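Have a look at the structure below, then the notes.
All of the numbers you see were taken from the coordinates with simple rules; none came from a lab. None of the values given here were measured: they were computed from a predicted structure. Methodologically, a virtual Cβ is constructed for each residue, glycine included, from the backbone with ideal geometry; neighbour enumeration extends over all protein chains shown.
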């Protein structure tokens, strides 16, 4: 089975605000960098998008070590929270709606295709892969051709009507 090391990071200027993600995939001598920027999103969504983007490019089952500085991502997967949210119709243990269920659904589907071990790393520290992903994410968020985070903007556009405003 192909072994892949993945580093991911998300960035957001304001929360919500313009954001971006960066991902770095390494396998043997091969290295691939991914990034994209969005006009209005959140940091947690960008952390998840980095994971999703990296996993999307893999065309066969792999053994993966995935490094992230996001406790939100690492804990939700490693501690089984995201699986529980899904099994309860995207409702958390506190009976509140799980945020970013659109991204969590895709992330869980992609993760299930591989053997993945997640590792939390301290952000903005001495992990070169994470630091490179941070650079990619920040540059993407500051880009001129920002994408629409449809999952975020669709939810936010319906919020006033949901609140009866």
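Points worth noting:
- Test: residue in the stretch 78-87 that is under 23 Å from residue 21 (Cα atoms) and in contact (Cβ under 8 Å) with a residue 40 or more places away in the chain: yes
- Each residue in the stretch 89-124 was checked for being closer than 21 Å to residue 19 by Cβ and outside any strand (DSSP E or B), and 15 pass.
- Members of the stretch 85-109 that are at negative phi, out of contact with any strand residue (DSSP E or B) (no Cβ under 9 Å at 6 or more places or on another chain) and surrounded by fewer than 17 Cβ atoms within 10 Å (Cβ to Cβ): 86, 87, 88, 92, 93, 94, 96, 105, 108, 109
- The set of residues from the stretch 69-88 being over 12 Å from residue 137 (Cβ atoms) and under 12 Å from the mean Cα position of the chain (by Cα) comprises 71, 72, 73, 74, 76, 77.
- Counted residues, the stretch 17-50 - those being under 15 Å from the mean Cα position of the chain (by Cα) and either in a loop (DSSP other than H, G, I, E, B) or at positive phi (or both): 1
- Among residues of the stretch 11-34, those that are exposed (fewer than 13 other Cβ atoms within 10 Å of the Cβ) and either touching a helix residue (DSSP H, G or I) at 6+ places or on another chain (Cβ under 6 Å) or in contact (Cβ under 8 Å) with a residue 60 or more places away in the chain (or both), counted: 1
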